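Below is one structure; the comments refer to it alone.
The values are calculated or read from the model by the stated rules, or taken from the named source; none is laboratory data. Treat the numbers as computed from the prediction; the structure is a model and nothing was measured. Glycine also receives a Cβ, built like all others from the backbone with ideal geometry; neighbour counts cover every protein chain displayed. Note: areas computed on protein heavy atoms with side chains; ligands, DNA, RNA excluded. Shrake-Rupley method; radii C 1.70, N 1.55, O 1.52, S 1.80 Å.
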Amino acid sequence: MAFTLLLRILTSNHRRHSRRLPPGPLPFPIIGHLPLIGPLPHRSLHRLSASYGPVLRLLLGSSPLIVVNSPSAARDVFKTHDLAFSDRPRSYASLRYAYGSPGFAFGPYGPYWRFMKRLCVSELLGAQTLDALRPIRQEERLRLVALLRDARETFNVSEELLKASNNGIIRMVTGMGDGGGVDEVRALVKGVAETVGTLNLSDFVWVLRGVDVRGVKRRIDEVHRRFDEVLERIIGRKEEERRRRGGGGGLGRAKDLLDILLEVAGDEKAEFKLTRENIKGFVLDIFTAGSDTTAAVLEWALSELINNPTIQHKAQQELDSVVGKHRLVEESDVPNLPYLQSIVKETLRLHPAAPISHRIATRDAKILDYDVPADTIVFINMWSLHRPERFEDRAAEEMQKNLLHYAPFGGGRRGCPGELLGLDVLHMTLGLLVQCFEWEVVGGRVDMEEGVGLTLPRENPLVCLPRVRLNPFPYIHG
């Protein structure tokens, strides 16, 4: 018995040492390489790759981590071995906000996750639903334009972009109007984003498991409690409304995403029976994934255009030629605005909404020529993948996507299902900001310092004075 146990230990050690693991620096005791990862992780990891190559191995506390910094290595994760890297690492925050269930954003790849992904693509975030909810997005954009049009002094554009983005998502999900608690939900979405983006040492350092370091778990629990109360009120009102009208969108409006989820939950023939916790967890996913990301990219796009007036002028010329100066740009104009589309793509290349994509190996796999043991966390540094290829034609763009030089919405099974919605908001909002206004900033240039967060925010808010460039200004409500 003892001989058999010893043989197993020796065999296991031999297999572990015979693996070709990626290179990396020597770790610190207990905390691993955490001191090497600064407040801007994508830049810290990029610097480490300059010394150790496109694939490197680190320890997040006691958790093994493989970092991918090249398109060819990312292709192994997103394409060649996609199934082996189809799960995301879970943390205290992700489990808490998913109500302890598998969830969707951080849930394991399996039958439930595939069911929810199909529901996203075909119903929740499909073209037909987004088209039906277009008036909500348009109303929020026009409200933003009207606010900027009437500005007489410098303006915190960052704050208003975030407000417009959050309001649009919250209203599309819940159908809430102005007085329906949008402000309260928006504040809680910010709390979720902040706590998910906070490094919780007890998730990675084994000696701290169960310890609430710096009160992170307490903050997560408090945000979750408050969010749950709000979601219960929203769902309760929605259920009462649906009972009064006998189900469906009704009352002259399109079905919102919560209507669709409640319908699926009540469908006895559905592949999965959605619980109330499933619905609340998914709604919370949509709120947090669809708000800050688009606002951050819009801030960066406008910042880049202000600092590059020649490019901004060329975009305005394109808009004037295609749309004219007597009406506002519409969604149907976007296919005829290739330069505007290129500006959005270039912004996503330079300032990806999610600079780091997370995966975890569900089985032993390979990245390039290196072995990746099961249960290893994998960080794909999306910021490092992007190369200065331009988007001259559709064929070149598709080639860059296939080579993973350009993957702003991730890739593989875990690619973002909200790409269609995100691009719609980016093209239309940026188109209006460029068409309607000239932008003045103190000092003539915008600082380009990056802030801390999951969505690559600006370090300082974008404060500008918008000058109306259309005269007369096209009529809008507000």
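Quick notes on this structure:
- Screening the chain for DSSP H helices whose Cα atoms reach 15 Å or more along their own axis and whose mean Kyte hydropathy is at least -1.0 gives 2-18, 41-52, 134-149, 157-174, 182-196, 276-290, 292-307, 309-322, 338-350, 419-436.
- Distance from segment 180-228 to segment 432-478 (C-alpha centre basis), Å: 31
- Computed lengthening from Ala187 to Thr362, 0.36 nm per intervening residue step minus Cα-Cα distance: 59.4 nm
- Share of carbon and sulfur in the accessible area of the chain stands at 55%, probe radius 1.4 Å.
- Semi-axis lengths (Å, descending) of the ellipsoid that matches the C-alpha gyration tensor of segment 329-375: 39, 11, 10
- Applying a DSSP loop filter and a limit of 13 other Cβ atoms within 10 Å to the trypsin sites (Lys or Arg not before Pro) in segment 110-169 leaves Arg152.
- Over segment 256-322, the alpha carbon radius of gyration divided by the compact-protein estimate 2.2 N^0.38 Å works out to 1.90.
- Peptides 78-91, 208-221 ranked from most to least packed give 78-91, 208-221, packing being the mean of other C-beta atoms within 10 angstrom over each peptide's residues.
- Segment Ile30..His326, full-extension length gain: 100.1 nm, with 0.36 nm per residue of separation and the alpha-carbon distance subtracted.
- Heavy atoms of His313: accessible area, 1.4 Å probe, square angstrom to 10: 100
- Between amide H atoms placed 1.01 Å from N, distances below 5 Å from Ser62 occur with Val205, Trp206, all of them 5 or more places distant or on a separate chain.
- Thr310 exposes around 110 Å² of accessible area when a 1.4 Å probe is run over every protein chain in place.
- Stretchable slack from Glu268 to Glu123, in nm (0.36 nm times residue separation minus alpha-carbon distance): 50.4 nm
- Near Phe437, once Lys and Arg are set to +1 and Asp and Glu to -1 for all other residues with Cβ below 14 Å from its Cβ, the sum equals +1.
- Gyration tensor (Cα) of segment 72-227, equivalent ellipsoid semi-axes in angstrom: 32, 24, 16
- Computed Kirkwood radius, in angstrom, where 1/r is averaged over Cα pairs of the chain: 24.1
- Mean projected area (nm²) of the alpha-carbon convex hull when segment 129-182 is viewed from all directions: 4.0
- Amide H to amide H distances under 5 Å link Asp364 with Ala374, where only residues 5 or more positions off or on other chains count and H is placed in the peptide plane.
- Along its principal axes, segment 281-378 has C-alpha extents of 60, 36, 24 angstrom, given from the largest down.
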